[in-house]
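Asker: This is the structure, below, for whatever I ask next.
The values are calculated or read from the model by the stated rules, or taken from the named source; none is laboratory data. Quick caveat: nothing in here was measured; it's all calculated off a predicted structure. For neighbour counting, all protein chains shown are included, and Cβ atoms are generated from backbone atoms with ideal geometry for every residue, glycine included.
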Amino acid sequence: MRELTTTLWVKQNQHDGDRWRLFTAVGDAIGAERVLYPGSFVDVAASFVFPSVTYVEADRRASRFFGDVDGVNEIIAAHRPHPWTPTVAFLHADYTGPLGMPDEGFDLLISLYAGFVSEHCTRYLRLGGTL
């Protein structure tokens, strides 16, 4: 794992397991398969719980973090209680603009600390999906 990947993850996960517990509770409640996480920075904890997560972040450090595919997979594997291998996609983009993805392709839209994600990304949430 690259040093930058480790450094960014340690800082992101400074409250060890908090996001994992949150995403586990959400997953238990709604059972989402495909997840969109705009403004994720390097928070890969959603991949500990959900089988397919697309992360969207404009910060170039996140692009470098997700560019370390082996390192990201190592972090996820160390925390994943499920036997399946998750699908992880990363878009280095500003979520307020077009993302080049089809509308209504996701079951869950995660919005934590990235502003008004719903204003720009609800179109990607399937009918009956969860924000």
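Asker: Sort out which residues of region 95-111 are among the acidic types (Asp, Glu), surrounded by 15 or more Cβ atoms within 10 Å (Cβ to Cβ) and more than 14 Å from the chain's Cα centre (by Cα), and write them in order of number.
Answerer: Step one: of region 95-111, the residues among the acidic types (Asp, Glu) are 103-104, 107.
Among the residues that remain, those that are also surrounded by 15 or more Cβ atoms within 10 Å (Cβ to Cβ) are: 107.
The answer is none; no residue qualifies.
Asker: Just the residues that are surrounded by fewer than 16 Cβ atoms within 10 Å (Cβ to Cβ) and assigned to a helix (DSSP H, G or I), please, taken from region 112-131. I'd like the intermediate steps shown before the answer.
Answerer: We begin by selecting, within region 112-131, every residue surrounded by fewer than 16 Cβ atoms within 10 Å (Cβ to Cβ); these are 112-113, 115-116, 118-119, 122-123, 126-128, 131.
Ser118, Glu119, Thr122, Arg123 - these are the residues of region 112-131 that are surrounded by fewer than 16 Cβ atoms within 10 Å (Cβ to Cβ) and assigned to a helix (DSSP H, G or I).
Asker: Only one residue in Thr130, Thr54 is under 23 Å from Asp16 (Cα atoms) and touching a residue at least 40 places away in the same chain (Cβ under 8 Å), so which one is that?
Answerer: Thr54
Asker: Right, another one. Within region 75-92, take every residue that is within 15 Å of the chain's Cα centre (by Cα) and assigned to a loop (DSSP other than H, G, I, E, B) and give me the one that is farthest from Ile30 (Cα to Cα).
Answerer: Thr85
Asker: Scan region 93-111 and give yes if some residue there is outside any loop (DSSP other than H, G, I, E, B), under 21 Å from Leu8 (Cβ atoms) and not small (Gly, Ala, Ser), otherwise no.
Answerer: no
Asker: Can you tell me how many residues in region 33-74 are crowded, with 24+ Cβ neighbours inside 10 Å and over 12 Å from the mean Cα position of the chain (by Cα)?
Answerer: 1
Asker: Something else: Tell me which of these Val26 doesn't satisfy, since it passes every other one: (1) over 15 Å from the mean Cα position of the chain (by Cα); (2) not basic (Lys, Arg); (3) not in a loop (DSSP other than H, G, I, E, B).
Answerer: (1)
Asker: State which residue pairs qualify: first residue among the basic types (Lys, Arg) and inside region 33-45, second residue at pLDDT 95 or above and surrounded by 24 or more Cβ atoms within 10 Å (Cβ to Cβ) in any location, beta carbons under 6 Å apart, and separation of 6 or more residues or different chains.
Answerer: Arg34/Phe106
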